[in-house]
Amino acid sequence: MSNVLVYAEHAHGSVPKAVSVALAAGKKLAGLSGGQTILAVVGSGIDEVAKAAAGLGADKVVTIDNAAAEHALADISVEALKAAAAATDAKTIVFAATSKGKDIAPRLAAALDASIASDITGINDDGTLQRPMWAGNVFATVELSAETKVVSVRTTAFDPAEGGGEAPVEALSVELAAPANAAKFVSLEETKSDRPVLTEAERIVSGGRGLKSAEQFAEILNPLCDALGAALGASRAVVDAGFVPNDLQIGQTGKVVAPTLYFAIGISGAIQHLAGMKDSKVICAINKDEEAPIFSVSDFGLVADLFQAVPELTEKIKAAA
Amino acid sequence: MKILVTAKRVPDPESTIKVNSSGDGIEEAGIKWVVNPFDEIAIEEALRVKEAQGDAEVVVVSIGPSEAQEQLRTGLAMGADRAILVTGENLDTSAVAKILVKIVEKESPDIVITGKQAIDDDSNEVGQMTAQLLGWPQATFISELKIADDKSSAECTREVDGGMETISVPLPALITADLRLNEPRYASLPGIMKARKKPLEQIEAASLGVDTTPKIVIKSMAPPPAREAGRIVESVDELVTALQSEAKVL
Ligand SMILES: Cc1cc2nc3c(=O)[nH]c(=O)nc-3n(C[C@H](O)[C@H](O)[C@H](O)COP(=O)(O)OP(=O)(O)OC[C@H]3O[C@@H](n4cnc5c(N)ncnc54)[C@H](O)[C@@H]3O)c2cc1C
Ligand SMILES: Nc1ncnc2c1ncn2[C@@H]1O[C@H](COP(=O)(O)O)[C@@H](O)[C@H]1O
């Protein structure tokens with residue numbers, strides 16, 4: 001019997017859906033090892049977060065409240081999680097495969113001399129795990145051989161754990177001090193948007209190089225996003241070109257999404273892009289090139305000039321609503 | 001100042017990757033091998049630091065088969081000063097990190113730059129693991145690097161989920177390069193000629209005294225579940241109707 005610790009990352013006093021997904025995977029792993037699933041909240045001034053975490057469906061919540069951990073930088077977070085794992089007798093530590101999870105998880109694995117599997121998409125009954133490789137061209141079944149295991153969970157791969165109830169919250173008393181050579185937080189420039197968060201959205205409108213310029217990208221896609229209540233996404237090409245901020249990139253090296261409805265507009269469908277959206281429920285592509293690879297994964301493809309088709313589509317969706 | 005930068009040998013991102021018939025690896029016939037794209041960015045950044053600092057040395061390191069010499073020569077042709085190849089087989093990220101630590105201990109660089117992610121295993125682990133084992137601070141997924149005038153620290157801007165975060169790391173530190181850090185240069189013809197004469201040291205992984213027993217074992221590989229292609233609609237009207245009554249998502 002061994003317990004599973006799930007890292008409850010947080011921002012602005014709340015816990016993202018990605019943590020509930022990691023928790024679902026954590027519960028499955030705990031079911032296999034016969035242990036409990038425990039959420040770990042680390043940070044400074046985290047009462048509100050701990051309360052939110054208590055309702056997510058874990059057996060227990062542990063907190064480490066320390067000013068040194070305010071910005072969740074990797075070096076100090078590892079110290080905190082090492083202590084939390086020891087205090088809860090956890091041999092498996094689970095992260096969401098977000099930028100925070102990917103920053104911290106491998107470092108924790110090295111600290112614990114643990115086995116690690118990143119971005120897992122499945123857990124088999126024999127304890128082996130599934131993870132994508134080569135931009136999702138290959139799915140590997142892997143076995144983690146060390147006693148201590150660290151995994152990060154692809155945020156689209158499991159249904160979020162069912163919340164409810166109120167798990168007990170235990171504040172751990174842990175001496176945490178940043179090492180002399182610790183990284184220091186300087187600033188955070190947040191992308192401001194009224195639209196849904198990309199990784200939580202039910203609908204996504206994603207644009208590519210076919211939009212031609214930042215102005216046209218906004219002019220053509222914003223109204224469609226508004227009409228659908230959708231989040232905005234992008235291919236790497238337009239992020240590199242500076243049309244939109246980096247955190248909108250979808251793909252192998254950006255965000256992985258699986259909304260109910262995904263519009264790919266002026267996106268060719270390179271394998272690196274498909275790796276981030278292929279699991280969407282319904283995919284719609286608008287592209288003037290009928291040979292574009294995006295059509296091979298689309299439920300509905302429209303071969304058309306996007307500059308005409310998208311405004312028309314926007315009007316008709318508005319009219320239909 | 002010394003900068004150590006890593007370069008993994010991986011299939012060209014344009015190549016078609018298929019699982020081989022025994023399901024334990026990929027079909028290697030016809031694959032072109034290149035420097036991992038993120039590592040090209042890492043090399044470029046190391047060269048820019050060198051150019052800005054004047055007296056700096058750039059050492060490029062690869063761990064893998066002896067063919068990875070080709071990727072090291074690419075790094076040398078771009079402008080790195082010398083190369084180290086650690087040869088070994090069946091090395092997982094944890095083994096690679098432990099090997100890197102040995103090389104770092106030997107070379108004592110001020111900065112180690114790795115890529116964010118190798119596009120073959122897509123692990124995104126080696127940099128962070130190496131930093132922890134060294135007891136160094138890390139700045140992952142960076143899109144901007146500024147070395148302080150007194151060279152005691154570096155300010156790094158990181159691509160994170162909600163935007164851009166800037167952190168400062170005292171040197172020595174490990175950073176991992178994201179896509180927007182820079183646009184890597186091509187090796188020039190004179191660069192390629194010069195690279196042939198630059199030192200390339202070879203070390204066997206087994207001689208470094210690290211335990212490289214894999215901690216993650218690949219049991220099998222399979223292609224992804226196929227997604228059925230749908231159909232082409234003829235007009236916007238047909239698309240709206242299909243989304244409404246067929247897919248029921250509007
Ligand atoms: C290491 C690495 C990592 C990468 N990671 C990612 C990633 O995470 N995400 C990602 O997206 N990419 C990634 N890429 C890049 C990827 O390989 C492609 O280059 C990129 O996805 C192409 O973007 P695009 O489809 O917008 O542009 P293009 O490939 O240029 O496609 C533009 C499309 O627009 C269509 N078009 C043009 N004009 C019109 C019009 N008027 N009407 C309708 N259609 C039109 C064209 O027919 C074309 O199909 C990565 C590449 C590498 C090497
Ligand atoms: N075998 C290797 N040789 C050299 N560098 C490597 C090797 N494996 C990983 N790296 C470095 O670590 C980064 C992250 O790799 P990974 O954790 O495998 O995704 C890569 O971009 C490389 O810079």
Inset, instruction - Pick out the one residue from A:A135, A:A86, A:A109 that is assigned to a helix (DSSP H, G or I), among the hydrophobic types (A, V, I, L, M, F, W, C) and free of Cβ contacts under 8 Å to residues at least 12 places away in the same chain. - result: A:A86
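Consider A:D279 carefully, then state whether it is without any contact (Cβ under 8 Å) to a residue 12 or more places away in the chain and either within 16 Å of ligand 2 (Cβ to nearest atom) or within 12 Å of chain B (Cβ to nearest Cβ) (or both).
No.
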Inset, instruction - Name, by its number, the condition in (1) facing chain A (nearest Cβ under 7 Å); (2) in contact (Cβ under 8 Å) with a residue 60 or more places away in the chain; (3) among the small types (G, A, S) that does not hold for B:S123. - result: (2)
Legend entry - Enumeration of residues in region B:150-170 that are assigned to a loop (DSSP other than H, G, I, E, B) and within 21 Å of the chain's Cα centre (by Cα): B:D161
Inset, instruction - With respect to A:I220, determine if the residue is in a helix (DSSP H, G or I) and under 22 Å from B:V249 (Cβ atoms). - result: yes
Inset, instruction - Restrict the check to region A:169-186 and report whether at least one residue is crowded, with 18+ Cβ neighbours inside 10 Å, in a strand (DSSP E or B) and in contact (Cβ under 8 Å) with a residue 40 or more places away in the chain. - result: no
Inset, instruction - For A:S268, indicate whether it is crowded, with 23+ Cβ neighbours inside 10 Å, of a type in the set (S, T, N, Q) and in a loop (DSSP other than H, G, I, E, B). - result: no
Inset, instruction - Kindly establish whether A:Q252 is within 12 Å of chain B (Cβ to nearest Cβ), closer than 29 Å to A:L188 by Cβ and either assigned to a loop (DSSP other than H, G, I, E, B) or of a type in the set (A, V, I, L, M, F, W, C) (or both). - result: yes
Inset, instruction - Using the structure shown, decide if A:L274 is within 7 Å of chain B (Cβ to nearest Cβ), within 10 Å of ligand 1 (Cβ to nearest atom), surrounded by 23 or more Cβ atoms within 10 Å (Cβ to Cβ) and touching a residue at least 12 places away in the same chain (Cβ under 8 Å). - result: no
Inset, instruction - Give the residues of region A:191-217 that are within 16 Å of ligand 1 (Cβ to nearest atom) and within 10 Å of chain B (Cβ to nearest Cβ), sorted by residue number. - result: A:L198, A:T199
Legend entry - Within region B:174-196, tally of residues that are part of a loop (DSSP other than H, G, I, E, B) and either among the basic types (K, R) or within 21 Å of the chain's Cα centre (by Cα) (or both): 8
Inset, instruction - Would you check if B:E125 is out of contact with any helix residue (DSSP H, G or I) (no Cβ under 8 Å at 6 or more places or on another chain) and more than 16 Å from ligand 1 (Cβ to nearest atom)? - result: no
Inset, instruction - Could you grab me the full set of residues in region B:91-120 that are within 16 Å of ligand 1 (Cβ to nearest atom) and either surrounded by fewer than 23 Cβ atoms within 10 Å (Cβ to Cβ) or among the small types (G, A, S) (or both)? - result: B:G115, B:A118, B:D120
Legend entry - Any hit, region A:66-79, residues being within 27 Å of B:F141 (Cβ to Cβ), in contact (Cβ under 8 Å) with a residue 12 or more places away in the chain, more than 14 Å from chain B (Cβ to nearest Cβ) and among the polar types (S, T, N, Q): yes
Inset, instruction - Could you list all residues from region B:1-44 that are β-branched (V, I, T), within 14 Å of ligand 1 (Cβ to nearest atom) and within 14 Å of chain A (Cβ to nearest Cβ)? - result: B:V10, B:T16, B:I17, B:V34, B:I41
Inset, instruction - Determine the pairs where a residue that is under 16 Å from A:V205 (Cα atoms), located within region A:240-253, has a partner that is of a type in the set (S, T, N, Q) and away from ligand 2 (no atom under 16 Å from the Cβ) with Cβ atoms under 8 Å apart, the partner being 6 or more residues away or on another chain. - result: A:F243/A:S213; A:P245/A:T191; A:D247/A:T191; A:L248/A:T191; A:Q249/A:S235; A:I250/A:S206; A:I250/A:S235; A:G251/A:S235
Legend entry - Candidates B:V5, B:V49, B:V10, B:V35, filtered to the one that is closer than 17 Å to A:G136 by Cβ and among the aliphatic types (A, V, I, L, M): B:V10
Inset, instruction - Taking A:F300 as the residue in question, decide whether it is away from ligand 2 (no atom under 16 Å from the Cβ), facing chain B (nearest Cβ under 9 Å) and among the aromatic types (F, W, Y). - result: yes
Inset, instruction - Take the residues in region A:303-317 that are within 8 Å of chain B (Cβ to nearest Cβ) and in contact (Cβ under 8 Å) with a residue 12 or more places away in the chain, then tell me which one is surrounded by the most Cβ atoms within 10 Å (Cβ to Cβ). - result: A:L313
Inset, instruction - Output the residues belonging to region B:216-235 that are assigned to a strand (DSSP E or B) and either basic (K, R) or under 25 Å from A:F295 (Cβ atoms) (or both). - result: B:K219, B:A222, B:R231, B:I232, B:V233
Inset, instruction - Identify, from the list B:K102, B:K98, B:K106, the residue that is basic (K, R), more than 7 Å from every other protein chain (Cβ to nearest Cβ) and within 17 Å of the chain's Cα centre (by Cα). - result: B:K98
Legend entry - Subset tally (residues that are surrounded by 24 or more Cβ atoms within 10 Å (Cβ to Cβ) and at the interface with chain A (Cβ under 8 Å from one of its Cβ atoms)) for region B:133-157: 5
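Where a number appears in this text, it was derived from the coordinates with a stated rule and is not lab data. Computed from a predicted model, the values in this text were never measured in an experiment. Note that we place each Cβ from the backbone using ideal geometry, even for glycine, and neighbour counts take in every protein chain shown.
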